[in-house]
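For reference, the structure discussed in these notes is given below.
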Amino acid sequence: MFFRRYKFMHGFIGEFFGTMILTALGCGIGAGINLKNTYNRSQNWLFVSLGWGLAITFGVYVAGTLGSQGFINPAITLGSAIFGLFPWSNVLPYLAGEFLGAFVGAALVLIQYYPHFKASKNEAEGNSVGIFATAPAINSPIFNLLSEIIASFIFIFTLLNLGNFTQGLKPLIVGLIITVIGMALGGTTGFAVNPARDWGPRLAYTILPVPNKGKANWAYAWVPMVGPIIGGILAAALRVVLM
């Protein structure tokens, strides 16, 4: 809106935000693999980041084919609605679908791996809420919140610049965005960037009969709820300002 009046600024604005995202993600990868106590230092982190990226890809394909806009993330739904990019009349059905879908997806994992949950007696053997939900690598609530805001903002702002991201190969691009977000910015909190992806599975872990389960860590759960929503709102606001 504002910047439409000043076309000579378009080059600056585009180059500024493009280079900001490039540098945040590139340097984020460097920080993640070098600094102590990040998830990135695990030899499995690339596997995790790539796996979640592919999961997002196929989720967007299915959602788009079945008639939605493929948000599959309440932070995108709410941020888009607040700034007029999405009708409020669709918000409640989208939110219900996102949270319930995440819950059922987690339940399917419990069924798939049930004998392995029984064989894994405790957290030391891998049986923890971390299979389903996120947790900070270093517990620092304010910085954990900021981590989720920053990662969610960069993810959703990039997403909103793709147009209709359910079409063609764009879902694959969405998955690649998630992969690089995980590699660059996910080593601090496990990159929820999606309240449904965290709360649905965390609730499933809490109320379903998971063998040998431990604590669901609801004391932390406000971070992956609030952080992505703030990041989504900021991303949608900036997208509207720059339109």
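Modelled with pLDDT of 95 or more and either assigned to a loop (DSSP other than H, G, I, E, B) or not acidic (Asp, Glu) (or both): does that describe residue 166?
Values: modelled with pLDDT of 95 or more: no; either assigned to a loop (DSSP other than H, G, I, E, B) or not acidic (Asp, Glu) (or both): yes.
No, not satisfied.
Does residue 77 qualify as being polar (S, T, N, Q) and under 17 Å from residue 169 (Cα atoms)?
On the way: polar (S, T, N, Q): yes; under 17 Å from residue 169 (Cα atoms): no.
So residue 77 fails the test.
Would you call residue 21 in contact with a Lys or Arg (Cβ under 8 Å, 6 or more places away or on another chain) and either closer than 22 Å to residue 153 by Cα or surrounded by 12 or more Cβ atoms within 10 Å (Cβ to Cβ) (or both)? So that I can check it myself, show each step before the final result.
Working: in contact with a Lys or Arg (Cβ under 8 Å, 6 or more places away or on another chain): no; either closer than 22 Å to residue 153 by Cα or surrounded by 12 or more Cβ atoms within 10 Å (Cβ to Cβ) (or both): yes.
No.
For the stretch 217-240, does any single residue satisfy the condition of being farther than 18 Å from residue 148 by Cα and either touching a residue at least 12 places away in the same chain (Cβ under 8 Å) or out of contact with any strand residue (DSSP E or B) (no Cβ under 6 Å at 6 or more places or on another chain) (or both)? Full working, then the answer.
Pass one, the stretch 217-240, residues farther than 18 Å from residue 148 by Cα: 239-240.
Checking the rest, the ones that are also either touching a residue at least 12 places away in the same chain (Cβ under 8 Å) or out of contact with any strand residue (DSSP E or B) (no Cβ under 6 Å at 6 or more places or on another chain) (or both) come to 239-240.
Scanning the stretch 217-240 turns up at least one residue that is farther than 18 Å from residue 148 by Cα and either touching a residue at least 12 places away in the same chain (Cβ under 8 Å) or out of contact with any strand residue (DSSP E or B) (no Cβ under 6 Å at 6 or more places or on another chain) (or both).
Given (1) free of Cβ contacts under 8 Å to residues at least 60 places away in the same chain; (2) under 12 Å from the mean Cα position of the chain (by Cα); (3) surrounded by fewer than 24 Cβ atoms within 10 Å (Cβ to Cβ), where does residue 189 come up short, assuming only one miss?
The failed condition is (3).
If residue 68 satisfies all but one of (1) within 23 Å of residue 148 (Cα to Cα); (2) in a loop (DSSP other than H, G, I, E, B), what's the number of the condition it fails?
(1)
Of (1) among the aromatic types (Phe, Trp, Tyr); (2) on the phi > 0 side of the Ramachandran plot; (3) assigned to a helix (DSSP H, G or I), residue 205 satisfies all except one. Which?
(2)
Here are 32, 67, 26, 51: which of them is over 18 Å from the mean Cα position of the chain (by Cα) and more than 30 Å from residue 88 (Cβ to Cβ)?
Values: 32 fails: over 18 Å from the mean Cα position of the chain (by Cα); 67 fails: more than 30 Å from residue 88 (Cβ to Cβ); 51 fails: over 18 Å from the mean Cα position of the chain (by Cα).
Just a single option satisfies the conditions, and that option is 26.
Where the second residue is in a loop (DSSP other than H, G, I, E, B) and surrounded by fewer than 17 Cβ atoms within 10 Å (Cβ to Cβ) and the first is polar (S, T, N, Q) and lies in the stretch 115-134, which pairs have Cβ atoms under 6 Å and are six or more apart or on separate chains?
120/126; 127/212; 128/214
Do we have residue 168 as over 19 Å from residue 235 (Cβ atoms), crowded, with 17+ Cβ neighbours inside 10 Å and either of a type in the set (Ser, Thr, Tyr) or out of contact with any strand residue (DSSP E or B) (no Cβ under 7 Å at 6 or more places or on another chain) (or both) here?
Working: over 19 Å from residue 235 (Cβ atoms): yes; crowded, with 17+ Cβ neighbours inside 10 Å: no; either of a type in the set (Ser, Thr, Tyr) or out of contact with any strand residue (DSSP E or B) (no Cβ under 7 Å at 6 or more places or on another chain) (or both): yes.
Here the answer is no, as residue 168 does not meet what is asked.
For the subset of the stretch 104-151 comprising residues that are exposed (fewer than 14 other Cβ atoms within 10 Å of the Cβ) and either touching a Lys or Arg at 6+ places or on another chain (Cβ under 9 Å) or among the aliphatic types (A, V, I, L, M) (or both), which member is nearest to residue 234 (Cα to Cα)?
Checking each candidate, the answer is 142.
The values are calculated or read from the model by the stated rules, or taken from the named source; none is laboratory data. Since this is a predicted model, take the numbers as computed values, not measurements. Counting neighbours? That spans all protein chains shown, and the Cβs are built from the backbone with ideal geometry, glycine included.
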